[in-house]
Amino acid sequence: MRIPSILVAMALALGLFVAQSSRAAGQETDLSGFVDIFDGKSLDGWAKLTSYNDHGQWEVIDGAIAGDQWPKGEGGLLATEKMYSDFEVYAEVKTTYPQDSGLFLRVQPDVLSYQITIDHRPEGEIGAVYIPRGGGFAQHCYRGFSLWDPFDYNAMRIRIESQPPRIQVWLNGEKINDYQGALQEDGTPVVPRSGAIAIQVHPGENWRKGSKVLFRKIAVKELK
């Protein structure tokens, strides 16, 4: 009996979904040497990057940092009070659609940094390297969306080291980006080697009313 092509397509899609769903956040990530920088109960050790702006709303809901726009249409960054240089950061992230967020590395007071995009919306990218106030996109990532689970938490691991930095990005256990930075024409680095780690609520209309971005776990391993 010939199987209709639409059923074959549905079976393939279901198989892909099951395969992705089976990679539960954290199952394939070795967290030896990582230290939690979010205690699951409070925002101790974190603060709004108010030198950038005082927008965005952050609270802890059911063991996760929940970010929302505030006031309407406005976003901002929540940053660690501690500075980091060379490190790996692990985060479990859940988004709704459409939504735009990010995980920022070596963040300066004016938000100059390296951003790993969590841009879950039309024409967005998961896992691209973007440099706010430093030239925009440094390296795109068109594969991340295919590995992103829109209904559950996703495991992200990012490694940044050296100056200019090499930045590697893993999503749900699979490597999706490997970026090698370069110095500017005058020989200076684009972003200083030490800065905060931050998470984002993006401003603008691409944020569904009542939506929140959730970071259930955030941990860091500093590199020697």
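Some observations on this one:
- In region 183-209, the residues that are surrounded by fewer than 16 Cβ atoms within 10 Å (Cβ to Cβ) and either aliphatic (A, V, I, L, M) or free of Cβ contacts under 8 Å to residues at least 12 places away in the same chain (or both): Leu183, Gln184, Glu185, Asp186, Gly187, Thr188, Lys209
- Residues of region 114-127 include at least one that is under 16 Å from the mean Cα position of the chain (by Cα), small (Gly, Ala, Ser), in a strand (DSSP E or B) and surrounded by 17 or more Cβ atoms within 10 Å (Cβ to Cβ).
- Residue count, region 152-167 (criterion: without any contact (Cβ under 8 Å) to a residue 24 or more places away in the chain and within 20 Å of Phe215 (Cα to Cα)): 0
- Residue within region 76-86 that is more than 15 Å from the chain's Cα centre (by Cα), part of a strand (DSSP E or B) and closer than 25 Å to Gln57 by Cα present: yes
- Candidates Gln99, Gln139, filtered to the one that is polar (S, T, N, Q) and modelled with pLDDT under 95: Gln99
- Single condition Glu74 does not satisfy, out of (1) charged (D, E, K, R); (2) under 26 Å from Leu171 (Cα atoms); (3) touching a residue at least 40 places away in the same chain (Cβ under 8 Å): (2)
- Of the residues examined, Leu14 is one that is within 23 Å of Phe151 (Cα to Cα), in a helix (DSSP H, G or I), over 17 Å from the mean Cα position of the chain (by Cα) and modelled with pLDDT under 95.
The values are calculated or read from the model by the stated rules, or taken from the named source; none is laboratory data. These numbers were taken from a predicted model, which means no experiment stands behind them. We place every Cβ from the backbone using ideal geometry, glycine too, and count neighbours over all the protein chains shown.
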